[in-house]
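Participant: Here's a structure for you.
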Amino acid sequence: MKHKFLCFIVLHFIIYTPTLLKAQTDSIYSLDNILYEMENRLDQNDESDYDYTDELEEQLENSLYNQQNINELPYDYAIKTLGMTAYQYYQLQLYIEQYGPLVTLYEIAAIPGFSTEDMERLRHLLTVAAQGKTKIPWREFVRKSHHNLWVRYGRVLEKQAGYDTARTTHYAGTPAHVCFRYIWNAADHILLKIAGEKDPGEQFFKGKQRYGFDLYSGSICFKNIGLVKEAVVGDYRLNYGQGLALGGSLLSGRGGEPDALRRFGTSIRAVAPCNEGDFLRGFATRIGNHQWKGTLFGGRTFGTLENHYGADLSWRRALFQIGLRAVCHTRTDTASESLSHKIASSFIPNGFNVSADYQAIIKHFILFGEIGIDRSGKLGAVQGILFSPAPTTRLGLLFRHYDRDFKAPLGNAFGAASTNQGESGIYLSIQHIFGRRITSNAYFDYYHLTTPSYRCDAPTACLALGSTTTCQLTRNSQFALRYTFLQKSENGQADHYHCIVAYNRHKLRLLWTNSPHPILQLKTGVEGILNHYPKEKNLYKGILLFQDVAVTLEKPDLSIRARFAFFDTDRYDERLYAYEDDVYYAFTVGSYYYKGIRGYVVLRYKYKWLSVWLRVSRTEYLDRKVISSGMNQIDKPHKSEVKAQLMFSL
């Protein structure tokens, strides 16, 4: 598993950058859930790499550029970006049905469930218009256009084995990692994205890469032009229903708040990835109005010969929504020498998925689910309910079942495994507010995997549970305590074939954040892990201690963030993860294992339309002389990295 993921640092710079302060407070709901779920996935030793860049990028763009019409407010935007509760959204829709569309945002304060503070917060992020009448004149495109360009350079300072030209096999290029992304948003009607990336070891404008970057990506998207809600040409992802047939979003809701269980059909997402991830390259269009929407799409999964095309149709009232979709999967025949045969094979289905989903709000209850089948008739289903038995308590319950041979190449619904295949389980999530200062979240997940999974070659039953309690000690000080437990099985080390052993994993994290001065923020973390193998009577442990310091100045617009960490684990399997500050639109998950110390410093300076970032990090191992292996081997007990980025925003 990779230990570096490009995505999550958006959270920190949304929070700490003064120019984005207003948008930050209304995006925390989704970002916190992304962090919580990502850590849970890593804790469970999933073999997949998860990149949440697009999830965070969507939140950032929504907060900065878009002002939604409150009379046509999508549920996902209200919950994920604006931080509304399901009850508030229900009362808003009920108010519109009874009294008609709002004529002023000050009416929010008169709706049950909304306070004056909610009204003041939301009126800066919403606009009022009649339903179906939200239009921006073409002449305002230039005035309301936003341009964003960033360029990044990074590399490991120590010499790695793969760059030794005396070796028989070595990298042809330099150790530098270079990438860029340009975004043009014209009044939320035209969105253009272009990106390029050169990986370490790749050549740059010479040899096999004489055209520069080894990856180019991009898309152009037209929005809200008559009946055309979205039309994308280029790279995109799809996310409909609960993600059973079309689930481009990586979020499943595991480990977060109860409301995070429900997936949101964000439909088409135009992207320009800087990594060779899982996205479609082709076209997609969505038409309709505030009651019904239809989507047609066709494209190829990047880096493969797999083609996908299909359609989606959805209908909604204020409190009810239903959707139907069908997706065909084909594969281009490269063995044929006939061009016509290759083209024909791209349209001959060798698999398909059909699914239906629904969502309904009934007073304090929210019902949601999706059911689908594949070509062989195998079934996949997700059914959930959210409700509040008391004003201070929120519950979420979800059941999922995926047949052993169920196949949905573009699906990514709720689940513990990396694919929605051979899994059944029940998940319960509880949130309770004990008072003005204390909030607690807990979850329970019992599931059965009927197929071999990561590091386990046999079916197994698993149990995962955890709780997080946060206490607001003072206005500028917060304490958080998190405990997680995982009971699972994995391949043993015995000589005989397929030896399966069970183990219990306990993790405890203490996190204290304090701001003794408006320009200074401190964060102290202590985390421990204990792996227990009852049958073998073995105990393995690990510990991580870290101290973060952040200084943010308004004049000049400068921020300095630093961390010092000490870690000590018995094995690699006891590694501990902690997210780290990074440059804008980048993210590093520190993977701390064995014994050593690690530190980093991130500098950011902003002057008008120009922002500059510099990040330097170093890890010193105290119990080994060689780091990594193969082409990435370093014959020293330390590893240093430097990263620099320029961003132009107009």
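Participant: For the stretch 301-323, name all the residues that are crowded, with 17+ Cβ neighbours inside 10 Å, under 15 Å from GLY265 (Cα atoms) and at pLDDT 90 or above.
Facilitator: Those that are crowded, with 17+ Cβ neighbours inside 10 Å, under 15 Å from GLY265 (Cα atoms) and at pLDDT 90 or above: ASP312, SER314, GLY323.
Participant: From the set of residues in the stretch 578-603 that are at pLDDT 90 or above and among the aromatic types (Phe, Trp, Tyr), which is nearest to TRP150 (Cα to Cα)?
Facilitator: TYR600
Participant: Still on this structure: Can you say whether TYR447 is under 30 Å from ALA565 (Cβ atoms) and among the aromatic types (Phe, Trp, Tyr), as far as the supplied structure shows? Spell out the reasoning first.
Facilitator: Details: under 30 Å from ALA565 (Cβ atoms): no; among the aromatic types (Phe, Trp, Tyr): yes.
So TYR447 fails the test.
Participant: Check every one of the strands (runs of 3 or more DSSP E) wholly within the stretch 556-616 and list those with 1 or more residues that are touching a Pro at 6+ places or on another chain (Cβ under 9 Å).
Facilitator: It comes to 557-569, 595-607.
Participant: Now for a separate question. If LYS555 meets every condition in (1) surrounded by fewer than 21 Cβ atoms within 10 Å (Cβ to Cβ); (2) touching a strand residue (DSSP E or B) at 6+ places or on another chain (Cβ under 9 Å); (3) farther than 17 Å from THR619 by Cβ; (4) modelled with pLDDT under 95 apart from one, which number is that one?
Facilitator: Every listed condition holds for LYS555 apart from (2).
Participant: Condition first: part of a loop (DSSP other than H, G, I, E, B) and surrounded by 15 or more Cβ atoms within 10 Å (Cβ to Cβ). Now tell me which residues in the stretch 171-198 satisfy that.
Facilitator: TYR171, GLY173, THR174, PRO175, ALA176, ALA187, ASP188, HIS189
Participant: Inside the stretch 210-235, can you point out the residues that are surrounded by fewer than 17 Cβ atoms within 10 Å (Cβ to Cβ) and small (Gly, Ala, Ser)?
Facilitator: Of everything in the stretch 210-235, those that are surrounded by fewer than 17 Cβ atoms within 10 Å (Cβ to Cβ) and small (Gly, Ala, Ser) turn out to be GLY212, GLY226.
Participant: If you take the residues of the stretch 438-468 that are in a strand (DSSP E or B) and among the aromatic types (Phe, Trp, Tyr), which of them is surrounded by the most Cβ atoms within 10 Å (Cβ to Cβ)?
Facilitator: Here is the first cut: in the stretch 438-468, the ones in a strand (DSSP E or B) are 438-449, 453, 456, 460-468.
If we keep only those that are among the aromatic types (Phe, Trp, Tyr) as well, we get 443-444, 446-447.
Values: TYR443: 25, PHE444: 16, TYR446: 15, TYR447: 19.
In this case the residue turns out to be TYR443.
Participant: Tell me which residues, restricted to the stretch 612-631, are of a type outside the set (D, E, K, R) and either surrounded by 15 or more Cβ atoms within 10 Å (Cβ to Cβ) or under 28 Å from ASP557 (Cβ atoms) (or both). Step through it out loud before you land on a result.
Facilitator: Applying the first criterion (of a type outside the set (D, E, K, R)) to the stretch 612-631 yields 612-614, 616-617, 619, 621-622, 626-631.
Of everything in the stretch 612-631, those that are of a type outside the set (D, E, K, R) and either surrounded by 15 or more Cβ atoms within 10 Å (Cβ to Cβ) or under 28 Å from ASP557 (Cβ atoms) (or both) turn out to be VAL612, TRP613, LEU614, VAL616, SER617, THR619, TYR621, ILE627, MET631.
Participant: With LEU465, LEU398, LEU473 as the choices, which residue is at pLDDT 95 or above, on the phi < 0 side of the Ramachandran plot and touching a Phe, Trp or Tyr at 6+ places or on another chain (Cβ under 9 Å)? If you could, list the steps in order and put the result at the bottom.
Facilitator: Values: LEU465 fails: at pLDDT 95 or above; LEU473 fails: at pLDDT 95 or above.
Exactly one residue qualifies, and that residue is LEU398.
Participant: Please enumerate the residues belonging to the stretch 357-382 that are surrounded by 15 or more Cβ atoms within 10 Å (Cβ to Cβ) and farther than 27 Å from GLN88 by Cα.
Facilitator: ILE371, GLY372, ILE373, ASP374, LYS378, GLY380, ALA381 - these are the residues of the stretch 357-382 that are surrounded by 15 or more Cβ atoms within 10 Å (Cβ to Cβ) and farther than 27 Å from GLN88 by Cα.
Participant: Could you list all residues from the stretch 198-221 that are among the acidic types (Asp, Glu) and out of contact with any Lys or Arg (no Cβ under 9 Å at 6 or more places or on another chain)? I'd like the intermediate steps shown before the answer.
Facilitator: Of the stretch 198-221, the ones among the acidic types (Asp, Glu) are 199, 202, 214.
Scanning the stretch 198-221 gives a single hit, ASP199.
Participant: Select from the stretch 635-650 the residues that are surrounded by fewer than 19 Cβ atoms within 10 Å (Cβ to Cβ) and not in a loop (DSSP other than H, G, I, E, B) and write down the one among them that is modelled with the lowest pLDDT. Give the steps one after another, and end with the answer.
Facilitator: Quick first cut of the stretch 635-650, residues surrounded by fewer than 19 Cβ atoms within 10 Å (Cβ to Cβ) only: 635-638, 640-642, 644, 646, 648-650.
So of that shortlist, the ones also not in a loop (DSSP other than H, G, I, E, B) come out as 638, 640-642, 644, 646, 648-649.
Details: HIS638: 95, SER640: 96, GLU641: 95, VAL642: 97, ALA644: 97, LEU646: 96, PHE648: 94, SER649: 89.
Applying the filter and picking the extreme gives SER649.
Participant: Continuing with the same structure: Taking the condition of being at pLDDT 80 or above and closer than 28 Å to VAL583 by Cβ, how many residues in the stretch 120-161 meet it?
Facilitator: Number satisfying all stated conditions: 17.
Participant: Looking only at the stretch 90-127, how many residues end up being in a loop (DSSP other than H, G, I, E, B) and touching a helix residue (DSSP H, G or I) at 6+ places or on another chain (Cβ under 6 Å)? Break it down into steps so the answer makes sense when it comes.
Facilitator: Residues of the stretch 90-127 in a loop (DSSP other than H, G, I, E, B): 100-104, 111-115, 123-125.
Going one step further and asking which of them are touching a helix residue (DSSP H, G or I) at 6+ places or on another chain (Cβ under 6 Å), we end up with 101-102, 111-114, 123.
The total comes to 7.
Participant: Follow-up. Does any residue of the stretch 322-334 turn out to be under 22 Å from PRO74 (Cα atoms) and in contact with a Lys or Arg (Cβ under 8 Å, 6 or more places away or on another chain)?
Facilitator: Looking through the stretch 322-334, at least one residue is under 22 Å from PRO74 (Cα atoms) and in contact with a Lys or Arg (Cβ under 8 Å, 6 or more places away or on another chain).
Participant: Oh, and also: With respect to the numbered conditions (1) of a type outside the set (A, V, I, L, M); (2) closer than 22 Å to ILE560 by Cβ; (3) surrounded by 16 or more Cβ atoms within 10 Å (Cβ to Cβ), which one is the sole condition not fulfilled by TYR605?
Facilitator: (3)
Participant: Next question, about the same structure. Given the structure, is ARG624 more than 24 Å from the chain's Cα centre (by Cα), assigned to a loop (DSSP other than H, G, I, E, B) and in contact (Cβ under 8 Å) with a residue 12 or more places away in the chain?
Facilitator: Values: more than 24 Å from the chain's Cα centre (by Cα): yes; assigned to a loop (DSSP other than H, G, I, E, B): yes; in contact (Cβ under 8 Å) with a residue 12 or more places away in the chain: yes.
In short, yes.
Participant: With respect to GLY435, is the statement that it is out of contact with any helix residue (DSSP H, G or I) (no Cβ under 6 Å at 6 or more places or on another chain), outside any strand (DSSP E or B) and exposed (fewer than 15 other Cβ atoms within 10 Å of the Cβ) true?
Facilitator: Taking the combined requirement at face value, the residue satisfies it.
Participant: Check the stretch 296-314 and report whether any residue there is over 15 Å from PRO409 (Cα atoms), of a type in the set (Val, Ile, Thr), free of Cβ contacts under 8 Å to residues at least 60 places away in the same chain and part of a loop (DSSP other than H, G, I, E, B).
Facilitator: No: zero hits.
The values are calculated or read from the model by the stated rules, or taken from the named source; none is laboratory data. Remember, it's a predicted structure, so these values are computed and weren't measured experimentally. FYI the Cβ positions are ideal-geometry reconstructions off the backbone, even for glycines, and counts take in every protein chain you see.
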